[in-house]
Amino acid sequence: MAAPNRIYALNLGTQTVSLAEFQTNASGGLVLSRFEQGEILGDPAVDATRIAQSKLEIQSLAANFGLKGAKVNYAIASNVVFIRPVTLPSVGDQAQVEQIVGFEAAQNVPYPINQVVWDWQLLDDGSDGSVEVILGAIKSDLLDEINDAVESAGVRAGVIEIGPLALYNAFRYNYADADGCSLIVDIGSRTTNLIFVEPGKIFPRRLNIGGSSITTAIAKDLSLDFSDADRMKVQEGFVSLGGGYAEPDNADLARMSKIIRNQMTRLHQEIARSITFYRSEHGGAQPVRVLLAGGTASFPYMREFFQEKFAGMDVDFFNPLRNVSVSGNLDVEEIGRKAHSIGELVGLALRSSNSCPLELSLRPQSVTAAEARAAQKPFIVATGVCVLAALGGLYAYYSKAATITADELAKVEAKVGALSSKAGPIKTARAAIEDRVKESAPLLDAVSDREYWVRVIDDISSRLPAEYIWITEFIPPTAAEVEKAKPVEPPKKPGGGKAKAEADAGPVITMTINGLVLENPRKSEVFDDFIKNLEASPYVEPPKDSEKLSRPSMNNTLWADKFSFPLTLKKPISLK
């Protein structure tokens, strides 16, 4: 089937929503003909309004493009998707392969398999006695929510791709001549995606460090709120070169550049550990080149920083437009500056114009059902024509029935006129009901606050290091501890004011975290990483007093050692 002349691609990032239009030329190549981006305000680590804000941006971009009824391929950010390569024994029967993959999916996906939408693809032919499979999965209810946000713009869902896999397809299309191992470092707002690429091999890994980590550190160090810190970072941020380079005259800018460098140093350390893991556990080769992608990679001196850290490797920005033309109606220089952040869009367009190395697609049941109905439409139309032909023979009968109905309708309308006087009281009653609904709105808001604990637990879990540590217990405070934590109402001041505000404040809640650290080469440093990660949490405050920390001793006598410490919620909880 020939590729469509116009292809629309939508990338749903955690901080940026991007939409692009591509056209196919006579030779089958891609031409970027339109591109726009929209920013999502606020901290990307706070998910409560993330999809709602994305929905507004999608609707705005779709309206600008005039996409009513068009089919759009879109990519989902990796932080809400599970991706994992799995090695399986090689079997010749395709049915057996599918059974084994289904079993492995049930074992590896961290949710009940009947609650997710998942897909898989073979990566090799199994000639060495084993086959490599890549799995992708997302919770069904979350996928439905994301797809509803996309389709609310009046478009139809096409290919639904995972962001890093779309980036991989864009790399294979544009860097077909690349030999050896390549490492794509996609630095996003909330996470950094690493994609190791070798001939016939892909290994993705997600690191929980990104642009929002930098913003949070700047906000904390310079005593700014998140929005102001993010604006300052975007407008004036750069990576400090360190050493003997002259600093800016502005002390805040100098401080910010060092904060950015510190965060990128953390990221480099995690990347270095990931390279070691990839080589030792997955038999991968040492990368010979590093390609920087994602919005956060656009900081001045970012390339120079990683070139310094990855000595001996070729470091450059990922260019997904090497084999993609850019239309003359676009600002080529502006597109060139943003090229490293639009790789997912190119990968999505390739799914509709070329055969791609990876073709996973996470399609919600609603989309599959809609496509099935569309396929049945010709048969439904034919059936309708037959029914209309049969109804033609009954026309005379129904004409007489219509006359009788008209007479009865006249009688009913006379009664309706008599009842019209009742409309006023009914309208008054309806207004009273609406007033009661408004009064109940705060109660409904209180119900929605129950999700707060889910976000707290999810945030703590996301800050666990990748290996050797896990949480075994979350112990809430006892009723006595909560009662003790209640604020004492101060003496009333004239007019209320601050005294009332302090009385309304909730208690400071402290819970206890228990867990285990597995015996490992880094010993208790794994536990230290966890405590350090918690310092950036918007929800909890780790203990500052070392005496409150029950640290793992890691004395090589046990396979694992316990730890325990209290965590204080940053947001007081109302007891009313």
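The values are calculated or read from the model by the stated rules, or taken from the named source; none is laboratory data. Since we're looking at a predicted model, the values are computed, not measured. We place every Cβ from the backbone using ideal geometry, glycine too, and count neighbours over all the protein chains shown.
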| request: May I ask you to verify whether A166 is assigned to a helix (DSSP H, G or I) and either among the small types (G, A, S) or touching a His at 6+ places or on another chain (Cβ under 8 Å) (or both)? | output: yes
| Do we find a residue being surrounded by fewer than 17 Cβ atoms within 10 Å (Cβ to Cβ), more than 18 Å from S361 (Cα to Cα) and of a type in the set (A, V, I, L, M, F, W, C) anywhere in segment 64-87? | no
| said: For segment 521-532, give me the residue count where each residue is surrounded by fewer than 19 Cβ atoms within 10 Å (Cβ to Cβ), outside any loop (DSSP other than H, G, I, E, B) and touching a residue at least 24 places away in the same chain (Cβ under 8 Å). | reply: 1
| Does N193 fit the bill of being under 25 Å from L61 (Cβ atoms) and assigned by TED's automatic domain parsing to the domain that holds F277? | yes
| request: May I ask you to verify whether S213 is part of a helix (DSSP H, G or I) and surrounded by fewer than 19 Cβ atoms within 10 Å (Cβ to Cβ)? | output: no
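Looking only at segment 223-282, count how many residues are acidic (D, E), assigned to a helix (DSSP H, G or I) and within 28 Å of the chain's Cα centre (by Cα).
Step one: of segment 223-282, the residues acidic (D, E) are 225, 228, 230, 236, 247, 249, 252, 270, 281.
Remaining after also requiring assigned to a helix (DSSP H, G or I): 228, 230, 236, 252, 270, 281.
Next, from what is left, pick out any that are within 28 Å of the chain's Cα centre (by Cα): 228, 230, 236, 270, 281.
Number satisfying all stated conditions: 5.
Out of K201, K220, which single residue is modelled with pLDDT under 90, more than 20 Å from T16 (Cβ to Cβ) and basic (K, R)?
The unique qualifying residue is K201.
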| task | Can you confirm whether segment 36-51 contains a residue that is at pLDDT 90 or above and not small (G, A, S)? | result | yes
| Which one of V117, V101 is surrounded by 13 or more Cβ atoms within 10 Å (Cβ to Cβ) and free of Cβ contacts under 8 Å to residues at least 40 places away in the same chain? | V101
| message | Checking S440 against (1) under 52 Å from the mean Cα position of the chain (by Cα); (2) modelled with pLDDT of 80 or more, only one condition comes out false. Which one? | response | (2)
| task | Output yes when any residue across segment 53-68 is assigned to a loop (DSSP other than H, G, I, E, B), under 26 Å from F318 (Cα atoms), out of contact with any helix residue (DSSP H, G or I) (no Cβ under 6 Å at 6 or more places or on another chain) and not aromatic (F, W, Y), and no when none is. | result | no
| message | Under 6 Å between Cβ atoms, which residue pairs at least 6 apart in sequence (or on different chains) link something in segment 340-356 that is in contact (Cβ under 8 Å) with a residue 60 or more places away in the chain with a partner that is among the charged types (D, E, K, R) and surrounded by 24 or more Cβ atoms within 10 Å (Cβ to Cβ)? | response | L348/E161
